[in-house]
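Please treat every number below as a calculation from the coordinates, not as lab data. Note that the structure is a prediction, hence the values are computed from the model and not measured. In this analysis, Cβ positions are derived from the backbone assuming ideal geometry, glycine residues included, and neighbour counts consider all displayed protein chains.
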Amino acid sequence: MIAAKHTPRPVGELLRRWREQRRLSQLELAGQADISTRHLSFVETSRSLPSRAMVLRLVEQLDLPLRDRNALLLAAGYAPVYSEAPLDSPQMSAVRTAVRQILTAHEPYPAVVIDRGWNLVDANAGVATFLAGCAPELLAPPANVLRISLHPDGMAPRIVNLGEWRAHLLGRLRREVAQTADPRLSDLLAELRGYPCDRPEPETEHPGASDIAVPLRIRHDGRELSFISTIATFGTPLDVTLAELSIESFFPADAQTAAALRDGRPRSE
């Protein structure tokens, strides 16, 4: 049996799909890129091949991720502009040092580094609080932090507010699918939605009487620990790998959680 060959999509078709993904009309995008609507129409219908500068101008206005900017340049017949260096390469040594400093400085509180697919890239020692009792196969590389969080053999049975936290994570992922149009993220979203959940899931995130953020409340060593989190990314990245890294740091949401993590002494269930 002969395998079907993959036919690359024309750059005009890709631009049109991204424009529609961003819910922009041709008139709106043309105005933002300072070109005529006629010119943009010719590009989208492949009647005109855009210059390299034109592609870069359009992808900038469409706010595309660096990986997808490279893909459109390739579709137009140009070399990619943005490098994609492996994290363990020499040119990424400063990045590795910065990430390790952030992770170590955050202990004893948990912090993780993830890529665009929500795969675990690195973590500090504090993450052991979250991973206790998770099935080994979920932790095997490439470990996916959303799968670990919501899988019934992962953290899910220990998350006190599972319905609320699940709705929060799925909402984040759904927004990323809309932003990136990444089919891998779309498949992950469909998988996670299929996981069982015996807790009510709010349709919208709305605060309680004293809430300022959606907390992660988890049972650990006979205690209920509560966390809020922040997400950090590298500023002005010009490399695909670097642009797709993010660091999520978890902080105690109450004094009892802070004391328990500083204390570090386990208690029986």
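What the table shows:
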| quantity | calculated |
| --- | --- |
| Highest average packing first - 172-182, 226-236, Cβ atoms within 10 Å | 172-182, 226-236 |
| About the Cα centre, charge dipole magnitude for the chain (Lys/Arg +1, Asp/Glu -1 at Cβ), debye | 660 debye |
| Full-extension gain in nm, ARG17 to ASP115, via 0.36 nm per residue minus C-alpha separation | 32.8 nm |
| Convex hull projection area averaged over all views, the stretch 11-75, Cα basis, nm² | 3.6 nm² |
| For the chain, with +1 on Lys and Arg beta carbons and -1 on Asp and Glu, the positive-most of GLN101, PRO142, GLN32 along the dipole | GLN32 |
| Extended-chain gain in nm, criterion 0.36 nm per residue less alpha-carbon gap, SER51 and ARG262 | 70.2 nm |
| 12 Å beta-carbon shell around VAL121, net charge (K/R +1, D/E -1) | -2 |
| Label-point separation, ARG174 to TYR195 (7 Å along Cα→Cβ), nm | 1.6 nm |
| Per-residue HN-Hα couplings for the stretch 104-117 [Karplus 6.51, -1.76, 1.60; θ = phi - 60°; Hz; x = Gly/Pro] | 5, 5, 7, 5, x, 7, x, 8, 10, 10, 10, 9, 4, x |
| Hydrodynamic radius by Kirkwood, which averages 1/r over all alpha carbon pairs of the chain, in angstrom | 21.2 Å |
| Nonlocal amide H pairs with SER48, under 5 Å, H built at 1.01 Å | VAL43 |
| Dimensionless Rg/Rh of the stretch 54-169 - Kirkwood Rh, Rg from C-alpha atoms | 1.08 |
| Angle in degrees between helix 52-61 and the longest Cα principal axis of the chain, rounded to the nearest 10 | 40 degrees |
| FRET efficiency, 1/(1 + (r/R0)^6) with R0 25 Å, evaluated for THR230 and ALA79 via beta carbons | 0.10 |
| Shape category assigned to the stretch 105-155 from the gyration tensor of Cα positions, a/c cut at 1.5 | oblate |
| Charged-residue dipole, Cβ positions (Lys, Arg, Asp, Glu), the stretch 116-269 about Cα centre, Debye nearest 20 | 200 debye |
| Linear extension gain, GLU107 paired with LEU24, 0.36 nm per residue minus alpha-carbon span | 25.4 nm |
| Long-range amide H partners of ASP122 with built H, under 5 Å | VAL113 |
| Separation of the ALA140 and ARG219 label points, Cα + 7 Å toward Cβ, nm | 2.8 nm |
